[in-house]
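Contents: one structure, followed by commentary.
The values are calculated or read from the model by the stated rules, or taken from the named source; none is laboratory data. Bear in mind that the values here come from a model prediction, so they are computed numbers and not experimental data. Here the Cβ positions follow ideal geometry from the backbone for every residue, glycine too, while neighbour counts run over all protein chains shown. These accessible areas exclude ligands, DNA and RNA; they are computed on the full protein's heavy atoms, side chains included. Shrake-Rupley method; radii C 1.70, N 1.55, O 1.52, S 1.80 Å.
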Amino acid sequence: MGACVGELTFLEELAGRFKIPVPEHVVEPVNQSEVRSKLQAWGSGIVKPDVLAGKRGKAGTVRKVSEYHEAIQLLKKVAAEQVSGQQPRTAYLVQFVPADLELFTAITYDSRYLSPSFTVSLKGGVDIEAVSEADKVTIPVDVFKGLNAYQASEALSRLGLQGKANSALAICFVNQWDMFISTGMQSCEINPWRVTSDGRIHACDFRATFDENNFKFKDIGFKLPEYPTAEDAFDEEMRAWSAASHHGQAHVSSLGGKRILPILFGGGASTIIIETLAQLGGDPMFLSDFGGNPPYERMKKTAEICFRHKLRDASLLLILGGKANNTQIDVTFAAMADALEEWVAKNGRHPIPVVVGRGGPGLVQGFAVLKKALENLGMPYVFFGPDTPITVVAAYAARLAGQGTRKGQGERA
């Protein structure tokens, strides 16, 4: 699981380094005189919490202000308000940018192309989740060649945007790619880009996740901010277990979901899977990144913690990852099968469906061990091989969890 940053870190540490145009801002605590002078220059500003939770606007913590007394009060109030159960690190006031056009862009690793992909839409803003795929353009990016201005411009042209705005935005998108690849990001989203009537461009909101194992992230050049946490017992126990050994990853982050218990492998793959589940109503319980060729006991304890805290409330168990290079699938699957059998022995049968997708060394042996355990426990299952994209498997799991039905035991994809 990667480290995440939000808009304020982007404004203070990343935008200037990669020549991405952004609005001005000030951070709480701030003097009244500075807020007053900024609002006089800007006309109005937007108060926001520095928190990694999404949907800040819909939570009512993003507020437009034009009077400095109100801005000072809101900065203190918003800094103390929780968003989706998370406490902000602070609050900040950012310049309001009137716009004739709002865009959305995202860069992430995409299993469809086995490379990063760049997505752009002319319908950016708070309701980006509701924008249809027909209003987006997604293109693969060669990790060695990078995103060039021609590719970015062509993507905008396909959406119907021409002229000077097309050219200027294409350069900004290339700079976004440079930031993504130079800092070891797994995903990077700017929503929205705002374009004013006179053609000025500003990146007005931001979120990114880093691959902590990427050497570029280790030399990122600044210290990531620490956000207040509201860890539950599961997060706390898993964090301690992850730190107990260097043999394999065991990272999780609770998402508050109620349906799918996701045992996921691979940092980039995990992010894509969770995003797919969330978009399709899978309601995942947590984001996870396991693997790294863990020995049997390490993987068994990892699975045991997940099952003990989450399995009783789950409506579907998802075991999914890309094709492993060095992780022994037979070892990890045997460990999970034994942990699952021990949980059932203590807690009784819980015949929810199990969706599995994996590839790598020892796959056939691993499938055989897991198949036997699931049949003994009366848990219906579907297995997908490495030739099926992880997004397809995640979409299938989301639909199955949403249906609330039980697949026939022994079904194989």
Can you give the extra length, in nm with one decimal, that the chain gains between R349 and D135 once fully stretched, where that is 0.36 nm per residue apart less the Cα-Cα distance? 72.5 nm
To make sure I understand the rule: partners must be lysines, Cα under 23 Å from the Cα of K301, and not fewer than 8 residues away in the same chain. Which ones qualify? K258, K310, K323, K346, K371, K372
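Keeping the other protein chains in place, figure out the carbon and sulfur percent of the accessible area of the chain, with a 1.4 Å probe.
Result for the chain: 50 percent of the exposed heavy-atom area is carbon or sulfur.
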Amide H partners (placed H, <5 Å) of L101, local residues excluded: V195
Calculate, for Q365 and K216, the FRET efficiency according to 1/(1 + (r/R0)^6) with r their C-beta to C-beta distance and R0 35 Å; round to the nearest 0.05. 0.45
Considering only Q162, L400, Y150, whose Cα is most displaced toward the positive end of the charge dipole of the chain, charges sitting on Cβ of Lys, Arg (+1) and Asp, Glu (-1)? L400
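Quick check: residue separation of S182 and T90 times 0.36 nm, minus the Cα distance between them. What number comes out in nm? Let's see the in-between values first.
Numbers: separation 92, 0.36 × 92 = 33.12 nm, distance 2.74 nm.
Gain on stretching S182 to T90: 30.4 nm.
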Loop-exposed chymotrypsin sites (Phe, Trp or Tyr not before Pro) per DSSP, neighbour cap 12 Cβ within 10 angstrom, longest uninterrupted part of the chain: 223-413
Please report Rg (one decimal) and Dmax (integer) in Å for the Cα set of the chain. 22.8, 71
Residue among E304, E12, E133 with the largest mean-square fluctuation in a Gaussian network model of the chain, springs linking Cα atoms under 10 Å: E133
Of the GluC sites (Glu not before Pro) in segment 19-110, which ones lie in a loop per DSSP and count no more than 16 other C-beta atoms within 10 Å? E24, E67, E81
Label-point separation, Q40 to S66 (7 Å along Cα→Cβ), nm: 1.7 nm
Cα centroid separation, segment 307-331 to segment 17-73 (Å): 42 Å
Say R0 is 22 Å: what FRET efficiency, to the nearest 0.05, do D127 and Q82 get from their beta-carbon distance? 0.45
For the chain, with the dipole built from +1 on Lys and Arg beta-carbon atoms and -1 on Asp and Glu ones, taken about the Cα centre, which of L277, P116, I201 lies farthest toward the positive end? L277
Rounded to the nearest 10, the angle in degrees between the Cα long axis of helix 149-158 and the longest principal axis of the Cα atoms of the chain comes to 90 degrees
Only Cα pairs within less than 10 Å get springs; with that Gaussian network setup on the chain, which residue of A41, A91, A394 has the largest fluctuation? A41
Which of T90, T105, T196 ends up with the largest GNM mean-square fluctuation for the chain, with Cα atoms connected below 10 Å? T196
I201 neighbourhood, Cβ < 13 Å, K/R = +1, D/E = -1, net charge +1
Tell me, what is the FRET efficiency for S197 and N31 to the nearest 0.05, using R0 = 22 angstrom and their Cβ-Cβ distance as r? 0.10
Given unit charges at Cβ for Lys, Arg (+) and Asp, Glu (-), the dipole magnitude of the chain about its Cα centre in debye, nearest 20, is 560 debye
For the pair E342/R239, report the inter-label distance in nm, with labels modelled 7 Å from Cα in the Cβ direction. 2.5 nm
To the nearest Å, what is the center-to-center distance of segment 232-292 and segment 91-112, using C-alpha atoms only? 26 Å
Charge context of V137, other residues only, Cβ under 10 angstrom, K/R +1, D/E -1: -1
Farthest toward positive dipole pole in the chain [+1 Lys/Arg, -1 Asp/Glu at C-beta], among G348, V65, A334: G348
Could you tell me which trypsin sites (Lys or Arg not before Pro) in segment 10-80 are loop residues by DSSP with no more than 13 other beta carbons within 10 angstrom of their beta carbon? K19, K55, K58
For segment 276-413, the dipole about the Cα centre with charges only on Cβ (Lys and Arg +1, Asp and Glu -1), to the nearest 20 debye, works out at 180 debye
